[in-house]
Amino acid sequence: MVKAYSQEHTYKHPWERVTSASWRKFAEPENKRTLSHILQVDTLNHKLEPESGKLYTTRAVTIHAPGPWFLRKIVGQDICHCVESTVVDAKTRSMQLATKNISLQKYIEVEEKIRYDPHPDNPNEWTICRQETSIRIKPLSTLASMAEKIEQKCVEKFQQNSAKGREVMERMCKYLEAESSSRGISV
């Protein structure tokens with residue numbers, strides 16, 4: 001069984017500011033408190049394609065293992081390693097992130113896709129964020145009857161963490177707006 005959900009959020013900030021906030025959201029100390037499920041983020045590689053102007057980045061993200069405490073107890077692991085692949089196309093003003101877990105895969109598969117684009121109603125001032133997440137608990141003989149309930153708990157936790165992420169993004173956008181205003185730069 002797979003639990004999937006999608007959500008949209010409109011940031012009332014320009015695309016350039018929202019995407020800048022996305023890159024910086026894990027670095028600020030206050031954000032680290034809000035996003036306490038994120039333990040570490042490391043850039044593995046990045047490449048700028050001169051012809052297309054696209055930036056490709058891969059990051060390793062270490063998080064507290066998703067799901068209820070008893071699931072972590074059963075699998076014997078409190079952390080989960082993920083890979084985040086990002087493509088930024090400055091020409092079309094699009095940023096796409098895809099994140100998957102690479103550890104705990106024999107128990108759970110989580111895939112999250114986020115896309116930031118200029119909002120169609122106000123493309124120069126607003127940004128639309130579309131997020132799709134799928135969670136699949138792999139049935140174990142001991143967990144088969146509980147898989148659906150565990151998936152639902154995982155979805156609820158991911159939705160809570162998504163709300164925290166939006167809160168951090170809004171805070172970062174306001175910070176960047178204030179920073180650029182004080183320097184006379186528009187970001």
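Laboratory data are not the source of any read-out in this text; all were calculated from the coordinates shown. Fair warning: this is a prediction, and the values are worked out from it, not measured in the lab. All Cβ positions, glycine included, derive from the backbone under ideal geometry; neighbour counts span all protein chains shown.
Brief remarks on what is shown
- Rounded to whole Hz, the Karplus (6.51, -1.76, 1.60) HN-Hα couplings of the range 171-182, x for glycine and proline: 5, 5, 4, 5, 4, 5, 4, 5, 4, 6, 5, 5
- Among the listed pairs LYS12/LYS164; LYS47/LYS100; LYS32/LYS149, those whose Cα-Cα separation exceeds 22 Å are LYS32/LYS149.
- Its relative contact order, with pairs defined as Cα atoms under 8 Å and 6+ residues apart, puts the range 28-99 at 26 percent.
- Amide proton proximity set for ALA65, modelled H, under 5 Å, gap of 5+: ILE79, CYS80
- Taking max minus min of the alpha-carbon positions on each principal axis, the chain gives extents of 60, 35, 31 Å, largest first.
- 0 to 90° range, to nearest 10: angle between helix 15-24 axis and the chain longest Cα axis: 50
- All C-alpha to C-alpha distances of the range 20-106, sorted into 10 Å bins beginning at zero, yield P(r) values of 15, 40, 29, 12, 3, 0 percent in whole numbers.
- The residues neighbouring LEU48, those whose beta-carbon lies less than 15 Å from its own, together hold a net charge of 0 under the Lys/Arg +1, Asp/Glu -1 convention.
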